[in-house]
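The values are calculated or read from the model by the stated rules, or taken from the named source; none is laboratory data. No experiment lies behind these values; they were computed from the predicted model shown. When we count neighbours, we look across all protein chains shown, and the Cβ atoms used for this are built from the backbone with ideal geometry, even at glycine. These area figures cover heavy atoms from the full protein model, side chains too; ligands, DNA and RNA do not enter into them. Shrake-Rupley method; radii C 1.70, N 1.55, O 1.52, S 1.80 Å.
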Amino acid sequence: MAETRTDLEQQALRWVTRGQIPKAIDVYRKILARDPHDRRIRQKVGELYLKIGREAEGLKSLKEAADLTLKDGQARAAIALYKVLQGHLPEDLGVMASLAECYRQAGMSAEAERTAEETLNLAVSGRNWKIAVAMVDQLVDLRPTDLKARFRRAEVLHAAKDVPAALAAWRDLAPLLARRGEMGEVARVLEAAVQLAPDDVDLQIRAARARLEVGDAPRALELLADARAARPGDADLDHLQATALIRAGRGAEARPLLLSLADHHRSNGDIEGQARALREALDAGDDDPELRRSADEAADLAGRMRARLWEVPVLTPIHDDEVAACARAEVQARYGFPERALVTLEEALEARASSLPLAGRRVEILLDLQRRQEALDGLAALVRGARGQAREVLVGRLQSLGGPRIPDEEASKADSDLGDGLVEPGVAAPRDAVEQEDARLARVEAHLATGDLESALVLLQDAWRDDPRNEEILRRIGEIRTTLRERTQDVVPVPGAVAPPDPDESEAASSAAEEPTADLAPADGSLEDAWARVSVGLYEEALDAAGTIPGLGGRLVEARALRGTGRGDHARVVLEQALDGNGANPLYPDTLWELADLSLDAGHVRASLERLEELARVAPHWRTHDVTARIRGLKILLERGG
């Protein structure tokens, strides 16, 4: 009859009692042959081997028992076995790693961290990368918010030559460090990533930008050399190269590069880019009167193209219904109800579909609502149907927003149509500027004679825009407006002026205020609450709140909070990234002002001046006195070598 397990265990115990350890081991091994996963019997075998001095076999059996115990989820029981093993093998990396894992599974975090750290150090010194990676992964799991652990992980993966994992680790670290304002460390991790991916141009560019951020322009130039070789003619790279040269004190080398960039932007229709490049070229070296004249002309043209459509005289509303709709929409937009402003304009357009003032304001409201493609489509449609000066303004705005280019044949057709449409019967086509002005005034008289005051007013406004010092034209504009008012016995609001909403509108606004829209109170965070925290110095709380708030408003709060915690450099990075694509945002001027302040705090006087000059161009009516005074003060500092 076959022996049962109980029979075998009793037999083994008898041999142990008699001191016949080898025979007892043989019996226990019979049990293991039937059940190899019996960790209790395997542990007994290991202990008996150690008792008779057969250490290698004993430790092997104990290790197998410990591994089975851990696998069965008995972490605390396994700890005791691994400690026995560690007593015999104090520097065995496998035992130490298993012990660290036992501590982790048992919830003994302090012991797990200490053991994992010790094991990691030994594994790195012994170049046992498999265990080193396992231990550093465990440390990251134990310290999820500890950037030092993540940094160590990236270093270990890098040393282990695990290129994909190491590259991902370095890349993941960069934004985490940037949030803390540690731009020097950002540069370091990105350069480590570049070592692993030397052909990754985007990485080289990010590393170069980080080096520039910490003032290391020479190293940035080294990184850019390979990037520019891989992407010759890249305008963004050339601009970054010029910036690095200027900051390295090599402005003379930067100027030709910037002039070439200005030509590139001009050929692509990017007037703002051309103006910016010319201004930077001017500032890069000695004063050049010819270059200064070109820069000023480009800046003036860019400013005119950048002007929002409700800021240009040629799109001033004339008819009462236009004026009323535009004024109401402006009030609604200014008080935080852009969606309602859009409805107001679209309802007005149903009654006056060809109104350029209404359509132009609709485009700007769409931009405020971040509905960029709809705005560009609407603007392109306006361009195709416009003539003369209105067309010129609309084309400029379309180009400033990066919209589609209108084919030359369409422009030629519009100009041809314009010529046919503007010359009244009996008036010869103008041959020079004087005759052109005389022809326009003749058309004014013709419209007045037929009682068409609105058309006469449009022509006079065009004339006044060309000659703003002509008091006679201004007087006639005033007379016509007075007559128009008297006709309707109503006071026509000044175009662009903000009047309070009517009672119905106010009631609707109050109702909307009780149920805030997404623009005023985002579901994932309160902009007002975040600003409140900044205002009383609760910067860390404001940072937490800002992280859930999208858009330029959230980034402004984040920057103010970072500045309050002494991380001005990081605040600048946040705002500079946020500016991209937000030129039409109402908070764009506030962002430029904040960036100018941060640049001045960091001692970058010229950079601060550039931001303020841009602010003066894009928002000429925004805090005019403060901006003008600050610009003058910065120029004084620069004159004194500040």
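Data table
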quantity: Region 204-343, accessible area per residue, ligands and nucleic acids excluded (1.4 Å, Å²); calculated: 46
quantity: Computed E for Asp199/Asp580 - FRET, C-beta separation, R0 35 angstrom, nearest 0.05; calculated: 0.85
quantity: Ala235-Gln373 FRET efficiency (beta carbon distance; Förster radius 22 Å; 0.05 resolution); calculated: 0.40
quantity: Unit Cα scatterers, Debye sum, region 89-139: log10 I(q)/I(0) for q = 0.21, 0.22 Å⁻¹; calculated: -0.60, -0.66
quantity: Largest-first ellipsoid semi-axes for region 531-622, taking √(5λ) over the Cα gyration tensor eigenvalues, angstrom; calculated: 21, 16, 10
quantity: Separation in nanometres of the label points that stand 7 Å from Cα toward Cβ, at Thr628 and Leu176; calculated: 5.1
quantity: Region 191-326: C-alpha gyration tensor shape, a/c 1.5 cut-off, then a/b vs b/c; calculated: prolate
quantity: Extension gain from Lys30 to Leu441, taking 0.36 nm per residue of separation minus the Cα-Cα distance; calculated: 136.1 nm
quantity: When region 331-377 is reduced to its Cα atoms, the Kirkwood hydrodynamic radius in Å; calculated: 10.6
quantity: Karplus 3J(HN,Hα) series, Hz, for region 595-606 with 6.51 cos²θ - 1.76 cosθ + 1.60 (x for Gly, Pro); calculated: 5, 4, 4, 5, 5, 5, 4, 7, x, 8, 5, 5
quantity: Whole-number accessible area per residue in Å² for region 1-149, which is evaluated in the context of all protein chains at 1.4 Å; calculated: 55
quantity: Per-selection Kirkwood Rh - region 119-224 (Cα, Å, 1 d.p.); calculated: 14.2
quantity: Quotient of Cα Rg and 2.2 N^0.38 Å for region 1-104, N being how many residues it contains; calculated: 1.13
quantity: For Val156, solvent-accessible area (1.4 Å; no DNA, RNA or ligand), Å²; calculated: 10
quantity: Ranked packing of 24-30, 554-560, most packed first, by mean Cβ within 10 Å; calculated: 554-560, 24-30
quantity: Cβ-derived FRET efficiency at R0 35 Å, Arg143 paired with Thr17, nearest 0.05; calculated: 0.10
quantity: Rounded percent of accessible protein surface that carbon and sulfur make up, region 215-280, 1.4 Å probe; calculated: 47
quantity: Diffusion coefficient, µm² s⁻¹, Stokes-Einstein with Kirkwood Rh over alpha-carbon pairs of region 4-51 at 20 °C and 1.002 mPa s; calculated: 206
quantity: Inter-label distance, nm, simple model (7 Å from Cα along the C-beta direction), Ala532/Gln10; calculated: 8.0
quantity: Semi-axes of the equivalent ellipsoid for region 137-190, Cα gyration tensor, largest first, Å; calculated: 17, 14, 8
